[in-house]
Amino acid sequence: MPLRILCLGDIVGRPGRQVVHQRLPGLIRQHQVDLVIANAENIAGGSGITANLFHKIRAYGVDVVTLGDHVYKKADILPTLQASERIVRPANLSSNAAGRTFTVVTTNSGVPVAVFCLLGRIFMNLPSDDPFAAADRVLSQVPKNVRVCVCDIHAEASSEKVAMGHWLDGRCSLIFGTHTHIPTADAKVLPGGSAFISDLGMCGPYDSVLGRRKDRVVKYMTTNMPQPFDVATGDVRLCGALAEIDPDTGKALSIQRIEVQGESSDQAYDADDAKGNSYAAG
Ligand SMILES: [Fe+2]
Ligand SMILES: [Fe+2]
């Protein structure tokens, strides 16, 4: 039986949380999903994650959470990053940064799966180490009995994500890109047997600019005057990809994009967004 891994793109704010809550359980049943991995760097008010929201999306069906450049925006998550095996920070930050660089979780069918994430360096604000060397470091630490390995490459430049796919081809079962919040049409199995897509797109409001209110972002870009980039609400979708993996070899058999519509709501925030202190705005 192939292992079915569903990965979800950046969950953005309340609209992203709602669509995951509404649609994920049905997708898990429909596709007989063994493991759900979600990038949740934007889940709290559009930037960062709190312990409360980590536990909520775990209850919705997310097995492992990956993060990105907003990893430390809410300090509230720090104890969870240290304690939980179900959340990873980018592996190419300082060795003193809070959180683990990879995790190994076991599916209900008994298959161990390693999960890690990396930050790109091109057009990214958060300084980080060489993600290619960091990937090698992580893979050298993954126990040899773990055949299935998944990498989230959280990066702005398609070139860097595609290059990472080729760097890890045959060494990871699935490499998916996040951060740009726009789904790409390049899902495929690479020659070495790794499933790859350069961006999953977000779980969030698509009538927006990358999840933020379009009027605010357009005004900022046309006036240079700072605007509050509030989370948008329209055209909410869940976007991700479903990969089938041979659990014995770790090679990918297939990958397909997943995109489903959510229910509409005008509410961009709720009480969960306010919980958790921030290190920085944005
Ligand atoms: Fe990001
Ligand atoms: Fe993001």
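The values are calculated or read from the model by the stated rules, or taken from the named source; none is laboratory data. It should be emphasised that the depicted structure is a prediction, and the values quoted were computed from it without experimental measurement. Heads up, the Cβs are rebuilt from the backbone with ideal geometry, glycines too, and the neighbour counts pull from every protein chain shown. Surface areas here come from the heavy atoms of the whole protein model, side chains and all, with no ligands, DNA or RNA. Shrake-Rupley method; radii C 1.70, N 1.55, O 1.52, S 1.80 Å.
In this entry, Ala135 passes the filter for residues that are away from ligand 2 (no atom under 16 Å from the Cβ), within 17 Å of Phe176 (Cα to Cα), over 14 Å from the mean Cα position of the chain (by Cα) and among the small types (Gly, Ala, Ser).
When you scan segment 49-66, how many residues do you find that are among the hydrophobic types (A, V, I, L, M, F, W, C) and closer than 18 Å to Leu27 by Cα? Walk me through it before giving the result.
Start the filter on segment 49-66 by keeping residues that are among the hydrophobic types (A, V, I, L, M, F, W, C), which leaves 49, 51, 53-54, 57, 59, 62, 64-65.
Restricting the remaining residues to those that are closer than 18 Å to Leu27 by Cα gives 57, 59, 62, 64-65.
Selection size over segment 49-66: 5.
Would you mention how many residues in segment 252-268 are open to solvent by less than 30 Å² (accessible area, probe 1.4 Å) and basic (Lys, Arg)? First the steps, then the outcome.
So in segment 252-268, the residues open to solvent by less than 30 Å² (accessible area, probe 1.4 Å) come out as 252, 255, 258, 262, 268.
Still in the list and also basic (Lys, Arg): none.
So the count comes out to 0.
Of the listed requirements (1) within 16 Å of ligand 1 (Cβ to nearest atom); (2) buried (at least 23 other Cβ atoms within 10 Å of the Cβ), Asp69 misses just one: (2).
Taken together, Asp199, Asp215 contain a single residue that is of a type in the set (Asp, Glu) and surrounded by fewer than 17 Cβ atoms within 10 Å (Cβ to Cβ), which is Asp215. Taking each residue of segment 212-224 that is over 16 Å from Asn42 (Cβ atoms) and looking for partners that are open to solvent by 100 Å² or more (accessible area, probe 1.4 Å) with beta-carbon atoms closer than 7 Å, six or more apart or interchain, yields Tyr220/Pro226.
Can you tell me how many residues within segment 72-85 are crowded, with 18+ Cβ neighbours inside 10 Å and part of a loop (DSSP other than H, G, I, E, B)?
Qualifying residue count for the region: 3.
Report whether or not Ile122 is within 14 Å of ligand 1 (Cβ to nearest atom), of a type in the set (A, V, I, L, M) and surrounded by 22 or more Cβ atoms within 10 Å (Cβ to Cβ). Against the criterion (within 14 Å of ligand 1 (Cβ to nearest atom), of a type in the set (A, V, I, L, M) and surrounded by 22 or more Cβ atoms within 10 Å (Cβ to Cβ)), Ile122 does not qualify.
When residues in segment 1-19 are screened for being within 16 Å of ligand 1 (Cβ to nearest atom) and in contact with a Cys (Cβ under 8 Å, 6 or more places away or on another chain), 6 of them pass.
Polar (S, T, N, Q) and surrounded by 21 or more Cβ atoms within 10 Å (Cβ to Cβ): is that true of Thr249 in this structure? So that I can check it myself, show each step before the final result.
Numbers: polar (S, T, N, Q): yes; surrounded by 21 or more Cβ atoms within 10 Å (Cβ to Cβ): no.
When the stated conditions are applied, Thr249 does not pass them.
When each of Val138, Val146, Val88 is tested for being away from ligand 1 (no atom under 15 Å from the Cβ), within 21 Å of Cys7 (Cα to Cα) and buried (at least 18 other Cβ atoms within 10 Å of the Cβ), the lone residue that passes is Val138. If only residues of segment 50-75 that are in contact with a strand residue (DSSP E or B) (Cβ under 8 Å, 6 or more places away or on another chain) and of a type in the set (A, V, I, L, M) are counted, the one that is farthest from ligand 2 (Cβ to nearest atom) is Ala75.
Looking for something open to solvent by 10 Å² or more (accessible area, probe 1.4 Å), within 16 Å of ligand 1 (Cβ to nearest atom) and at pLDDT 95 or above - is there at least one such residue anywhere in segment 34-46? Taking every residue of segment 34-46 in turn, at least one turns out to be open to solvent by 10 Å² or more (accessible area, probe 1.4 Å), within 16 Å of ligand 1 (Cβ to nearest atom) and at pLDDT 95 or above. The set of residues in segment 155-189 being touching an Asp or Glu at 6+ places or on another chain (Cβ under 7 Å) and either touching a residue at least 60 places away in the same chain (Cβ under 8 Å) or open to solvent by 10 Å² or more (accessible area, probe 1.4 Å) (or both) consists of Phe176, Thr178, His179, Thr180, His181, Ile182, Pro183, Thr184. Among the numbered conditions (1) out of contact with any helix residue (DSSP H, G or I) (no Cβ under 9 Å at 6 or more places or on another chain); (2) closer than 20 Å to Met202 by Cβ; (3) away from ligand 2 (no atom under 16 Å from the Cβ), the only one that Lys144 does not meet is (2).
Restricting to segment 47-66, name every residue that is of a type in the set (Gly, Ala, Ser) and either within 16 Å of ligand 1 (Cβ to nearest atom) or open to solvent by less than 10 Å² (accessible area, probe 1.4 Å) (or both). Matches in segment 47-66: Ser47, Gly48.
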